[in-house]
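This report refers to the structure that appears directly beneath it.
The values are calculated or read from the model by the stated rules, or taken from the named source; none is laboratory data. Quick caveat, the model's predicted, so the values are computed rather than measured. In this analysis, Cβ positions are derived from the backbone assuming ideal geometry, glycine residues included, and neighbour counts consider all displayed protein chains. What goes into the accessible areas is simple: the full protein's heavy atoms, side chains included, and nothing from ligands, DNA or RNA. Shrake-Rupley method; radii C 1.70, N 1.55, O 1.52, S 1.80 Å.
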Amino acid sequence: MKLCVLGGGGVRSCFLAKSIACNASLANLTEVVLMDVDQAKLDRYGKLARQIAIRIAPSLRVTLTRSVEEAVTDADFVITTIRSGGDHSRVRDEEIVSRYGLLAQETTGACGFAMAMRSIPVLLDYCEKIKRLAHPNCLIFNFTNPSGIVTQALNSCGYPVYGICDAPSEFIKQLAAMLNVAEDRFACECFGLNHLSWFTLFQVDGQDVTERIFNDPQLFSKTEMRLFEPQVLKMTDGCLPNEYLYFYYYTRKVIASSAQAKESRAQLIERVNAQMNQALEGVDPDQEFEKAFRIFFEHYNIRENNYMMNESGKVRVRHYDVPGVEEFLTAPDEGGYAGVALRFVRAWSQNEPVEMILSIPNHGAIPGLRDEDVVEISCRIDKDGAHPIGQRQIPQPILNLIQTMKEYERTAVRAILNRDRDLAIKALLINPLVANLDLAEKIVDAFLMEVQKEGQPPWK
């Protein structure tokens, strides 16, 4: 079986490669192709990822290419994880949005729309090539952000794509660890949209543990609930929010905290990545693997340890140190999006049903949404595919926000597919993180100037 990664020269490809190598047997993988349009990224992060993969699974054939056609030809599985426009496009997005006093975060609000403007056209082209060149039943897993809008757009154009995000699964691991139980003993359900989801029905060995979780003092210190204040539990009727809901529940606080920072999150990542690229200059991971490995983690962990620091002023639950090579290679795989994808493949191909969280068409699972609306939800996976678990007791205020944001996503997709300025303005007017007509017009026009500089076709 062949798996290809579109965007395989990205900074996170090292973790992706480990997850693929550790889980290759789940999907009978024999070949992995890491594709990226940037040769320098392939030479740095693609080679490093290849070395990691073959050291874990020596029989796995791992190749690098800049050719989409070569990558997807005869592919059985595809993972998309691209950043169209590179790091600096994120910096520009955040600068534009911050100029108007609004929340500037890469996947939510106006910045998320700008990211979708760049991502969707590229992925539509890739999906058409997959349709022509890959195996007829090729499975496509999208990790490109903003994952919900991107997955919605691809599905609406007739490309059946599964959206994957590692935030929900990481939070569930934290809850299980807090309760000191094995992850396979703990269960809960997730519902909502990507980066706008909630968790409910908490169980250990089939027994309800909701009160135990809510009363545990570690909930607000040892999990991503660290971002919230305890009174949030009174506002969500027994549902725990995804970490990204921090941007909706504490919008003004995030804006004020970010304004106090010496540099934005986007600027930090651009700076650290540039320093890492410079440090890796002249270092061939094939010949100097341990040196390249150390340089990578010394820089990457700066990003990780500062995650959400600007926005919240709070440190991460876990501090990341530079691991030893053998420590990293032999440590159990933490899952991530590749692990989710390959667990899906095993359940689907071998008819070993499992439950996992994916972004898929709603099909009646969340009331008040259309069947074709892509939602992030707990699913049962079997030989017939993914089946969303129906939700019937969603608190009305939460459902209201889900419906509003889904209407934003629908409108955003239509705007991008039709390159329609007025629809883009309407989409941002619907989004509660913008919701001002005059600002929506100014922001959309600023975004359009940027994408036209990048060579995209003009909008009407």
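Take segment 35-50 and flag every residue that is open to solvent by 10 Å² or more (accessible area, probe 1.4 Å) and either within 15 Å of Val340 (Cα to Cα) or small (Gly, Ala, Ser) (or both). Across segment 35-50, the qualifying residue is only Ala40. For segment 298-330, a residue qualifies if it is over 20 Å from Phe220 (Cβ atoms), touching a residue at least 60 places away in the same chain (Cβ under 8 Å) and touching a Lys or Arg at 6+ places or on another chain (Cβ under 7 Å), and exactly one does: Leu329. In segment 337-366, the residues that are free of Cβ contacts under 8 Å to residues at least 60 places away in the same chain and more than 12 Å from Gly163 (Cβ to Cβ) form Cβ pairs under 7 Å with partners that are among the aliphatic types (A, V, I, L, M) and assigned to a helix (DSSP H, G or I), at six or more places apart or across chains, as follows: Pro353/Ala347; Val354/Ala347.
With respect to (1) open to solvent by less than 20 Å² (accessible area, probe 1.4 Å); (2) touching a residue at least 24 places away in the same chain (Cβ under 8 Å), the lone exception for Glu454 is condition (1).
Could you go through segment 4-13 and let me know if any residue there is in contact (Cβ under 8 Å) with a residue 12 or more places away in the chain, assigned to a helix (DSSP H, G or I), crowded, with 24+ Cβ neighbours inside 10 Å and under 21 Å from the mean Cα position of the chain (by Cα).
Yes, that holds for at least one residue.
Restricting segment 134-157 to residues that are assigned to a helix (DSSP H, G or I) and small (Gly, Ala, Ser) leaves a set whose member that is farthest from the chain's Cα centre (by Cα) is Ser156. Tallying residues that are within 30 Å of Ile213 (Cα to Cα) and open to solvent by less than 40 Å² (accessible area, probe 1.4 Å) within segment 147-173 yields 11. For Val32, are the conditions met, namely being among the β-branched types (Val, Ile, Thr), farther than 19 Å from Val272 by Cβ, free of Cβ contacts under 8 Å to residues at least 40 places away in the same chain and open to solvent by less than 20 Å² (accessible area, probe 1.4 Å)? Against the criterion (among the β-branched types (Val, Ile, Thr), farther than 19 Å from Val272 by Cβ, free of Cβ contacts under 8 Å to residues at least 40 places away in the same chain and open to solvent by less than 20 Å² (accessible area, probe 1.4 Å)), Val32 qualifies.
Yes or no, residue by residue, for (1) touching a Leu at 6+ places or on another chain (Cβ under 7 Å); (2) not hydrophobic (A, V, I, L, M, F, W, C):
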site: Ala17; (1), (2): no, no
site: Gln39; (1), (2): no, yes
site: Asp43; (1), (2): no, yes
site: Ala53; (1), (2): yes, no
site: Ile56; (1), (2): yes, no
site: Leu64; (1), (2): yes, no
site: Ser67; (1), (2): no, yes
site: Tyr100; (1), (2): yes, yes
site: Gly109; (1), (2): yes, yes
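Test Arg90 against the stated conditions and say whether it is part of a helix (DSSP H, G or I), farther than 23 Å from Tyr126 by Cβ and modelled with pLDDT of 95 or more. No, not satisfied. Put simply, of Tyr244, Tyr249 the only residue that is touching a residue at least 24 places away in the same chain (Cβ under 8 Å), among the aromatic types (Phe, Trp, Tyr) and open to solvent by 10 Å² or more (accessible area, probe 1.4 Å) is Tyr244. Give the residue that is farthest from Gln105 (Cα to Cα), with candidates limited to residues of segment 252-278 that are of a type in the set (A, V, I, L, M) and open to solvent by 40 Å² or more (accessible area, probe 1.4 Å). It comes out as Ala274. Residues in segment 208-237 that are under 20 Å from Ile402 (Cα atoms) and surrounded by fewer than 16 Cβ atoms within 10 Å (Cβ to Cβ) were compared, and the one that is farthest from the chain's Cα centre (by Cα) is Lys234.
Given the options Thr63, Thr107, Thr73, name the one that is open to solvent by 10 Å² or more (accessible area, probe 1.4 Å), closer than 22 Å to Leu423 by Cα and either modelled with pLDDT of 95 or more or of a type outside the set (Asp, Glu) (or both).
None of the other options fit; the residue is Thr107.
Looking across segment 369-392, just one residue is surrounded by fewer than 19 Cβ atoms within 10 Å (Cβ to Cβ), in contact (Cβ under 8 Å) with a residue 40 or more places away in the chain and not aliphatic (A, V, I, L, M), and that is Glu372. Could you tell me which residue of segment 3-24 is modelled with the lowest pLDDT, considering only residues that are closer than 30 Å to Gln350 by Cα and touching a Lys or Arg at 6+ places or on another chain (Cβ under 9 Å)? The selected residue is Asn23.
Can you say whether Asn180 is surrounded by fewer than 17 Cβ atoms within 10 Å (Cβ to Cβ) and closer than 22 Å to Met225 by Cβ, as far as the supplied structure shows?
Numbers: surrounded by fewer than 17 Cβ atoms within 10 Å (Cβ to Cβ): yes; closer than 22 Å to Met225 by Cβ: yes.
Yes, satisfied.
So which residues in segment 348-365 are of a type in the set (A, V, I, L, M) and farther than 19 Å from Ala153 by Cβ? The answer is Val354, Met356, Ile357, Ala365. I want to confirm something. Restricting to segment 234-245 and keeping residues that are assigned to a helix (DSSP H, G or I) and modelled with pLDDT under 95, which single residue is farthest from Ile398 (Cα to Cα)? So, considering only residues that are assigned to a helix (DSSP H, G or I) and modelled with pLDDT under 95, the one farthest from Ile398 (Cα to Cα) is Lys234. Exactly one residue among Ile96, Ile82 is closer than 30 Å to Asp438 by Cβ and hydrophobic (A, V, I, L, M, F, W, C), and that residue is Ile96.
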